[in-house]
Amino acid sequence: ENFTLQPGNIVNNSGNYTGLIAGTYTVSASDAAGCTSSQTYTLTQNPLLSWNTPIVNLPLCQNSSNGSITVQASGGNGTYTYVKQAGNVTNTSGIFSNLGGGSFTITVTDGTLCTASQVLNLTAPPALSFSSVTKTNVLCNGIPTGTVTALASGGSGVISYTLQPVNITNNAGTF
C-alpha cells in the first residue's frame, strides 16, 4: 500500500504523517491492484496563548518589597499556571506581591503545555536622603531665633519634613 498526503504530495508506506500544522488534509491510499480510497481531515488549533495588559504597582521606597504584578493570559486551552522568576513562584491567579525593584520573567503554561513569557520591570524610586541640612543657633538665651533648614532628594512624590520633638511638619523643610 502507498499513502499520499495532500497538499504536498507526500508519499509513504505507513500512512503516518507528523509535524503538520492546522489545516485541511486529504490522505489517499492505493493498493497493488490500483484501487484507491481517500479521506479528508481538518486539523484545528487552540487560539494563540497571549498576554492581556499587566497591572504593575511599583515599590513605594528604595529597598522595600511592597510592589506587585498582576498578569492575565488569554487564548490557549485549559487552566493557566503562572511562574515568576526569580524565586520560582507558581500560582494560578497571576498575582505576585511583596516585590522589590527588579526585572521579573513571568511564564504562563496552559492546559496543553503551550507557553508564553514576558519580562516586567519594577523600578523602585531612588533612596530618600538628605542633600543638605543647615542650622542657625539660638542667638540669645530663651529667645527662639534658631532655625533648621533641611533639603532631601529621592523617594517618590512630595517630600514631607517633620521636626521633633515639637512634631512640626511641612513640605519646605524650613523650621
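No lab work stands behind these numbers, since they all come straight from the coordinates. The shown structure was predicted, so the numbers you read here are calculated from the model rather than taken from an experiment.
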(message) What three numbers, in Å, describe the spread of the alpha carbons of the range 7-152 along their principal axes, ordered from the longest?
(response) 122, 25, 22
(request) Relative to the compact-globule scaling 2.2 N^0.38 Å, provide the ratio for the alpha-carbon radius of gyration of the range 101-145. (result) 2.89
(request) In square nanometres and to one decimal, what's the mean projected area of the convex hull around the Cα atoms of the range 61-114? (result) 3.7 nm²
(request) Please label the shape of the range 36-94 as rounded, prolate or oblate, based on the square roots a ≥ b ≥ c of the eigenvalues of the alpha-carbon gyration tensor (a/c under 1.5 means rounded; beyond that, a/b larger than b/c means prolate, else oblate). (result) prolate
(message) When only alpha-carbon atoms are used, what values of Rg and Dmax, in angstrom, describe the range 83-175?
(response) 23.9, 81
(request) Return the single residue from LEU49, LEU20, LEU122 with maximal mean-square fluctuation; model: Gaussian network over the chain, springs between Cα atoms under 10 Å. (result) LEU20
(request) For the range 123-175, state the average projected area of the convex hull of the C-alpha atoms over all orientations, rounded to one decimal in nm². (result) 4.2 nm²
